[in-house]
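Working notes for the structure below.
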Amino acid sequence: MKNRSLIFFLVCLVTIFLTSPQKSIASTIQSKYTQIPASASLKVRKKVLQSAVKVLDESTGSYGSGAYIVLDDEYIVLTAAHVIDGVEKILVKNGYEVVPGEVIFQDDVNDIAFLKVQQMKSRDPLKYKISSSAAIAGSPVLYAGYPNAHDLLLFFGNVAGRYTNVLLIHSYAWMGASGSVVLDFDGKIVGVLVAIDVGGGVRGMQLVEDVVWVSDINNVNIETIKELLKKKKQGEM
């Protein structure tokens, strides 16, 4: 992690995904992090699965992940800023249901974005509640997303620590999972998955698929988001 510019390049590289499948990932990693912990309730597992969506660039077909959320009776999608950066027409998809997404807030420093969407028929929204304990090392977390051209998958892990403004999660991620919303086992939001780690070794720089970077949702002032949604509703944006 000494060469920040190289890390930044690789972080962006691994989190912008085109639709061609990537078959180099070991299936053993996926099976390890899809095993269901006994402490993860069925209710929370359903929450994360039933709120997960794809966030697509209509012109290129590239996509990331996100979560469908209700906040002050408004429907939004929380995702990573780099997933929608430079995208002219954003689409939010689940199965055959596709709705447009409009950027309400984009924080490129923390790599978090909020999109305004219409109510979706095929998804159940998460309530916007922030976790107060998941930043503690060892706290269990889970997320649902679309890594490696797969259909929706559910992953588990634990908070390993913190590096600058991101949480480090011991879990699994790959291209396509960027923007997935990470929850604690109470179903509260921890943050947004933005990258996998980069490490050095005798063979040079390598990706570390089981150390995942998650932007802390506490870095966002939710009152700012509420004010922007209010202005949008009043036609001021």
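With labels modelled as points extended 7 Å from the Cα through the Cβ direction, what inter-label distance (nm, one decimal) is found for S59 paired with K127?
4.0
For the stretch 81-237, with every protein chain kept in place, what is the accessible area per residue (1.4 Å probe, Å²)?
With all protein chains present, the stretch 81-237 gives 45 Å² per residue.
For D186, put the label point 7 Å out on the Cα→Cβ axis and report which residues of the stretch 130-166 keep their amide N under 14 Å from it.
Backbone N within reach: 130-136, 139-141.
Hey, which of these cross-link pairs are over 25 Å Cα-Cα: K43/K233; K46/K231; K43/K226; K116/K188; K129/K232?
K43/K233; K46/K231; K43/K226
At 7 Å along Cα-to-Cβ for each site, give me the label-to-label distance between R162 and Y96 in nm.
Between R162 and Y96, the simple spin-label model gives 4.7 nm.
Pull up the cross-link candidates among the aspartates and glutamates for K47, meaning alpha carbon to alpha carbon under 12 Å and not fewer than 8 places away within one chain.
D124, D184, D186
Between A195 and residues 5 or more places away or on another chain, which pairs have amide H atoms under 5 Å apart, with H built 1.01 Å from N, and which residues are they?
Sorted by chain and number, the residues that satisfy this are W213.
Please go through the stretch 91-178 and write out the trypsin sites (Lys or Arg not before Pro) that DSSP classes as loop and that have at most 11 other C-beta atoms within 10 Å.
Here the sparse-neighbourhood loop sites are K121.
With each label point set 7 Å from Cα along the Cα-Cβ vector, what nm distance links K46 and K231?
A separation of 3.9 nm, rounded to one decimal place.
The values are calculated or read from the model by the stated rules, or taken from the named source; none is laboratory data. A quick note: this is a predicted structure, and the numbers were derived from the prediction, not measured. Positions of Cβ are generated from backbone atoms using ideal geometry, with glycine treated the same way; all protein chains shown enter the neighbour counts. Please note that ligands, DNA and RNA were not included when accessible areas were found on the heavy atoms of the full protein model with its side chains. Shrake-Rupley method; radii C 1.70, N 1.55, O 1.52, S 1.80 Å.
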